[in-house]
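Engineer: What follows is a structure written as C-alpha cells; I'll ask about it next.
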Amino acid sequence: QLVYPHDFRLTEKEKTSICYLSFPDSYSGGLGDTQFSFRLRQSGGPRTSPFQDDGQYNREAPLTLQREAAHYFGYVYFRQVRDSSMRRGYFQKSLVLVSRLPYVNLFQSLLQLIAPEYFDKLEPCLEAVCNEIDQWPPPVPGQTLNLPVMGVVIQVRIPSRVDKPGSSPVKQFNQENLLPAPLVLPSVHELDLFRCFQPVLIHIQMLWELMLLGEPMVVMAPSPTVSSELVLALTSLLMGLCRTNSTARVLLVSHQGQRGEQGNVPGGPNIVVGVTNPFFIKTLQHWPHILRVGELRMSGDLPKQVKVKKLAKLKTLDTKPGIYTSYKTFLHKDKTLIKRLLKGIQRKRPSEVQSALLRRHLLELTQSFIIPLEHYIASLMPLQRAITPWKNPPQIRPFCQEDFMKTLEHAGPQLTCVLKGDWLGLYRRFFKSPNFDGWFRQRHREMTHKLEALHLEAICEADIVAWMKDKSEVEIVDLVLKLREKLVRARCQHLPVKEETLQRVGLYIDTIIGSLPEDLQAVLHH
C-alpha cells in the first residue's frame, strides 16, 4: 500500500514476498496485535544504499550482527480487530520495517512505539517518524546510541567484535542526565532465551549439537511470533562461536500464499525454517529434523517438555508437539543445568536471570568445543623469525584432522567442560559439516592477513639501501612493483597493519625509485 521513504525502490518480487510474509495465515488467527520477523532474499541485483560505508561497520561488528548484502530482515507489527465497516468484518494491516541489520529488539521496540500511532493517524505519522530516524547517527560497534523518536529516546549499545563474550552491556550505559528518561534496551538483538526454549529445555543439548553441525530444521509453531522467535533463538545457540555460524540461515515465517516458492525449500545444510501452517508438515516431511511446539505460556512451573519422536510418527495435520528426528546426541544431557533452571522457576527467579544462566551455559559449552580447535590452528602459523623481508612469507601448514585429534587427549574439552560423552565423534561429524568449512576459511583468511602484516613490518625493519647495492635495475623495478602491490592489498583488505608502517613502506618505494635513472623514474611515477 505504501513505502517510506518514497524513494526506496523494492522489486515487484520483493513486494510480493513482503506481503505474503507479513500476514499471519488463517491457522494462527487471533484478534489483537502480533509481532514477528522474517528474512527475505534480495532480488533484482545489487543496489546502492545511502547508508553504505567502506565496510568498517562489518569489520568491527560481531559476525552475527553484520549487514547482509543479499538479504533483508523484515520486522512486522500486525493488527487484527473486528470492524463491521470492512468487507470481511475485520481491520487487518501490517506495518513492516525493512533493514539489513538483524537488530530484532531495537526494531520491534521501535514498532511498538510507531505502529499503534500509525494505525490511528496513517501516513503523516510515518513521514514524521522517518524525518526523526533520518537524524539518527549510524550504528558504530562499541558505542551507546541515543535515538529520539515520537517523544521517546531509545538508548541502546551496539555490540562490538572486541566485546568479551557473555559480558553484560547494561553496565556500560551512560545515562547523560537525559530528559525524559530514556527507554533503555538491555540488548540490540538478544532474545529471552529461557522463554523461547521453555518447552524444549531438557533437549537444549541436542538442539545445540544440531546447530553446531549445521543440520537443517523446520520449526512449526501455532503463531508467527513463536515460530520466528524460536528460529532466531536456535540460530543464536552458538553465540560464542560467531565464526562457525557463517553459512547463511534462512529465517522464514511461511504462509499459505507462499506454498509454491517456500514449500520447495530444499532440506540443505544450515537452514532453519519457521512455519505456522500445518500444510507444510506434508511439504517438508523429508526434512531430517522437525520441531513442533505449542503456544508459549510462562507459568509458575516448568512447562510440559516435548518428547523426541521418530520421523515416521509425523501426521499431516494433527501432529503433536515434539522433536521429530532420528538424531542421537554425542554428549550426555547436563542435568545440573536443568536442576538450576527448575530451582529458578520454584524461586520465581526473573526470566532474564534464567536466560543469562542459559546463555552462559551455552557460551561455556561452545567455547569448550572451539578452544582446542583454536589452539591447534594457531600452531599451524609459521614462526615470526621465519618471516624475512626479501622472500615471500612462509605458508600456513595444512590442517590435519588426525593430528588435531591426537591433541585432544591432553588439551581437549574435558579441561573446561564437565559434560561427558563422545567428544571425538562430535568433532569428526563437525569436520564434515558446512560450519567447519565456514569457520576454517574465516580463520585461515585472518591468519593469512596476519602473515602479510608481519611481512610488511619485516620489510620496514630491513636495510633497503644495503639490499640494493648488488641488485640489477630489473630486480629493483620488480621489488618496487611488488611493494606497491602489497601496499594496495594492505589498504584494500584492511590488513591489521599500523598506518605508520604503511607510510614507511610508501617512503621506501619513493627512496628506491629516487635511486633509479630518470627514464625509469618517469615510467614508475607514471
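Engineer: Inside segment 345-366, can you point out the residues that are in contact with a Leu (Cβ under 8 Å, 6 or more places away or on another chain) and at pLDDT 90 or above?
Structural biologist: Listed by number, the residues that qualify are Gln354, Ser355, Leu357, Leu358, Arg359, His361, Leu362, Leu365, Thr366.
Engineer: I've got another one for you. So is Asp510 outside any helix (DSSP H, G or I) and not aromatic (Phe, Trp, Tyr) or not? Before the answer, list the steps.
Structural biologist: Values: outside any helix (DSSP H, G or I): no; not aromatic (Phe, Trp, Tyr): yes.
No: the conditions fail for Asp510.
Engineer: Another question, then. Evaluate the following for Ile133: is it in the same structural domain as Gly55 (by the TED database), open to solvent by less than 40 Å² (accessible area, probe 1.4 Å), under 26 Å from the mean Cα position of the chain (by Cα) and closer than 23 Å to Phe36 by Cα?
Structural biologist: Values: in the same structural domain as Gly55 (by the TED database): yes; open to solvent by less than 40 Å² (accessible area, probe 1.4 Å): no; under 26 Å from the mean Cα position of the chain (by Cα): yes; closer than 23 Å to Phe36 by Cα: yes.
Against the criterion (in the same structural domain as Gly55 (by the TED database), open to solvent by less than 40 Å² (accessible area, probe 1.4 Å), under 26 Å from the mean Cα position of the chain (by Cα) and closer than 23 Å to Phe36 by Cα), Ile133 does not qualify.
Engineer: Under 30 Å from Glu475 (Cα atoms), within 28 Å of the chain's Cα centre (by Cα) and not assigned by the TED database to the domain that holds Met211 - does that describe any residue in segment 379-392?
Structural biologist: Initially, segment 379-392 is screened for residues under 30 Å from Glu475 (Cα atoms), giving 381-392.
Applying the additional criterion that residues be within 28 Å of the chain's Cα centre (by Cα) yields 381.
From what is left, the residues that are not assigned by the TED database to the domain that holds Met211 are 381.
Scanning segment 379-392, I find at least one residue that is under 30 Å from Glu475 (Cα atoms), within 28 Å of the chain's Cα centre (by Cα) and not assigned by the TED database to the domain that holds Met211, so the answer is yes.
Conditions (1) touching a Leu at 6+ places or on another chain (Cβ under 9 Å); (2) on the phi < 0 side of the Ramachandran plot; (3) modelled with pLDDT of 70 or more; (4) of a type outside the set (Asp, Glu), marked per residue:
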{"residue": "Ile202", "(1), (2), (3), (4)": "yes, yes, yes, yes"}
{"residue": "Gly214", "(1), (2), (3), (4)": "no, no, yes, yes"}
{"residue": "Ser228", "(1), (2), (3), (4)": "yes, yes, yes, yes"}
{"residue": "Asn245", "(1), (2), (3), (4)": "yes, yes, no, yes"}
{"residue": "Val272", "(1), (2), (3), (4)": "yes, yes, yes, yes"}
{"residue": "Thr276", "(1), (2), (3), (4)": "no, yes, yes, yes"}
{"residue": "Ile290", "(1), (2), (3), (4)": "yes, yes, yes, yes"}
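Engineer: Restrict the check to segment 72-86 and report whether at least one residue is within 17 Å of the chain's Cα centre (by Cα), assigned to a loop (DSSP other than H, G, I, E, B) and surrounded by fewer than 16 Cβ atoms within 10 Å (Cβ to Cβ).
Structural biologist: No; the residues of segment 72-86 include none that is within 17 Å of the chain's Cα centre (by Cα), assigned to a loop (DSSP other than H, G, I, E, B) and surrounded by fewer than 16 Cβ atoms within 10 Å (Cβ to Cβ).
Engineer: State which residue is most open to solvent (accessible area, probe 1.4 Å) when the search covers only segment 183-212 and only residues that are more than 21 Å from the chain's Cα centre (by Cα) and closer than 30 Å to Leu145 by Cα.
Structural biologist: The selected residue is Leu183.
Engineer: Something else about it: Out of the residues in segment 259-270 that are modelled with pLDDT under 75 and within 22 Å of Ala233 (Cα to Cα), which is surrounded by the fewest Cβ atoms within 10 Å (Cβ to Cβ)?
Structural biologist: Once the filter is applied, the top-ranked residue is Pro266.
The values are calculated or read from the model by the stated rules, or taken from the named source; none is laboratory data. Note that the structure is predicted; figures quoted are calculated from it, not measured. Please note: Cβ atoms are built from the backbone with ideal geometry, for glycine as well, and neighbour counts cover all protein chains shown. To get the accessible areas, we keep the full protein, side chains included, count just its heavy atoms, and leave off ligands, DNA and RNA. Shrake-Rupley method; radii C 1.70, N 1.55, O 1.52, S 1.80 Å.
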